[in-house]
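The structure under discussion appears below in the form of structure tokens.
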Amino acid sequence: MELLTIGAFAKASRLSPKALRLYDELDLLRPARVDPSSGYRYYAVEQLERARLVAWLRRLGMPLAEIRAVCAVDRADAAREVRAYWARVEAETAVRRDLAAFLVDQLTVESRRDHTTMLELRYAAHSDRGHVRTANQDTVYAGRRLLAVADGYGSAGAPASSAAVEALKFLDEGEELAAGSVLNVLEDAVRGASEAVLDLAADGADAGTTLTALLWTGSKLALVHIGDSRVYLLRDGELFRITHDHSLVQSLIDEGRLTPEEAASHPQRALLLKALGTDTPPVPDLRLHEARPGDRYLLCSDGLSAVVPDERIRALLAVSRAPDTTVHALIEAANAAGGPDNVSCVVADLVEAAA
């Protein structure tokens with residue numbers, strides 16, 4: 001077995017001797033031989049491939065614990081792990097990008113927004129049991145500032161979804177929050193919602209729920225999202241989904257291991273990766289959205305999105321009707337598709353405030 005000194009191995013692998021000593025201590029890249037007298041490390045030529053992989057993964061920004069996991073599996077599984085890691089990085093980068101855009105807007109002296117245009121929400125909300133379920137475990141809420149949907153599950157799913165929404169209702173009262181502080185306030189409110197749901201579980205109940213909400217600040221909409229309920233935006237006739245499902249099938253789609261068509265019939269399509277009611281409070285998605293007159297928002301449980309295609313949702317939202325009429329049209333569409341689940345919708349329009 002041909003051995004290289006630590007200096008020669010560092011040069012060949014593009015890892016510094018200091019990094020190699022650290023990876024030895026972490027049991028990530030052990031030397032092939034250590035001189036018992038001097039403690040000098042020697043590496044086998046065959047270790048170069050693993051060392052170069054470690055170097056590439058470090059340049060990618062992957063934490064050492066995840067690098068160890070990648071190095072412990074075969075090449076095909078390693079490729080899937082790298083793909084999954086990068087999908088998470090891109091999702092986190094998107095959140096930071098939105099925050100950066102918000103900060104630039106706040107710090108720019110000459111704002112592009114027309115501050116003389118006052119906007120307000122016009123809204124409607126409704127929840128329906130559907131045609132199959134014996135009870136409705138969804139909870140919806142719509143007020144002048146707060147819009148929310150929660151989809152409960154388990155034997156105490158209905159109390160769980162109700163408790164989650166109740167924990168946010170105080171945001172609909174009092175003075176409007178400044179856009180700069182609203183995300184912190186929302187995060188604290190979700191922490192309270194998580195504790196409320198956990199209190200139900202502490203009584204022995206099987207309780208969990210999604211929670212997706214929009215909070216109007218007077219100039220922007222703040223989003224908080226956990227689970228697989230969704231928010232859609234209809235703007236200039238185009239439909240955009242502005243939430244990302246925290247579900248097993250969505251993670252498999254992100255990793256390229258499943259197509260959206262396959263996900264629709266996957267046996268574990270209801271399995272959530274994030275929800276309120278777990279021992280470890282989930283980290284919610286939080287972001288701000290620029291408001292424009294004429295925007296139409298839809299918040300819905302998966303009782304709608306799982307059975308009504310996005311194009312049909314777009315068509316129903318695009319018809320110029322009042323939010324209440326549109327909400328009932330969406331629920332009717334879900335029930336016409338079999339109504340296999342509870343279905344809940346909130347539709348809200350951003351319009352110029354009355355003088």
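The values are calculated or read from the model by the stated rules, or taken from the named source; none is laboratory data. Computed from a predicted structure; not experimentally measured. Note that we place each Cβ from the backbone using ideal geometry, even for glycine, and neighbour counts take in every protein chain shown. Surface accessibility is based on the protein's heavy atoms, side chains included, excluding ligands, DNA and RNA. Shrake-Rupley method; radii C 1.70, N 1.55, O 1.52, S 1.80 Å.
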Summing +1 for each Lys or Arg and -1 for each Asp or Glu, what net charge is found among the other residues whose Cβ lies under 14 Å from the Cβ of residue 240?
-> 0
Can you give the charge dipole size of region 258-355 about its Cα centre, rounded to the nearest 20 debye, using +1 on the beta carbon of Lys and Arg and -1 on the beta carbon of Asp and Glu?
-> 60 debye
Value in Å of the Kirkwood radius, where region 189-310 supplies the Cα pairs that are averaged = 15.8 Å
In what sequence, highest mean first, do 312-324, 129-141, 155-167 appear when ranked by Cβ atoms within 10 angstrom?
-> 155-167, 129-141, 312-324
Once the dipole of the chain is set up with Lys and Arg at +1 and Asp and Glu at -1 on Cβ about the Cα centre, which of 22, 104, 272 lies farthest towards its positive end?
-> 22
How big is the accessible area of residue 21 in square angstrom, nearest 10, if you roll a 1.4 angstrom probe over the protein chains?
-> 100 Å²
Please state the charge dipole magnitude for the chain, taken about the Cα centre, from unit charges on C-beta atoms (+1 on K and R, -1 on D and E), reported in debye and rounded to the nearest 20.
-> 1380 debye
For residue 169, counting only lysines whose alpha-carbon sits under 19 Å away and dropping same-chain residues fewer than eight positions off, the answer is 220
With +1 on each Lys and Arg Cβ and -1 on each Asp and Glu Cβ, how big is the dipole of region 212-296 about its Cα centre, in debye rounded to the nearest 20?
-> 280 debye
Which is farthest toward the positive dipole end of the chain among 170, 48, 7, measuring Cα position about the Cα centre, with Cβ charges +1 (Lys, Arg) and -1 (Asp, Glu)?
-> 7
As a check on your grasp of the helix formula, calculate [θ] at 222 nm for the chain: sum -39500 (n - 2.57) over DSSP H runs of n ≥ 4, divide by the residue count, round to the nearest 500.
-> -12500 deg cm²/dmol
Lys and Arg at +1, Asp and Glu at -1: add these up for the other residues within a Cβ distance under 10 Å of residue 275 and post the number.
-> -1
Would you mind getting the Kirkwood hydrodynamic radius of the chain from its Cα pairs, rounded to one decimal in Å?
-> 23.1 Å
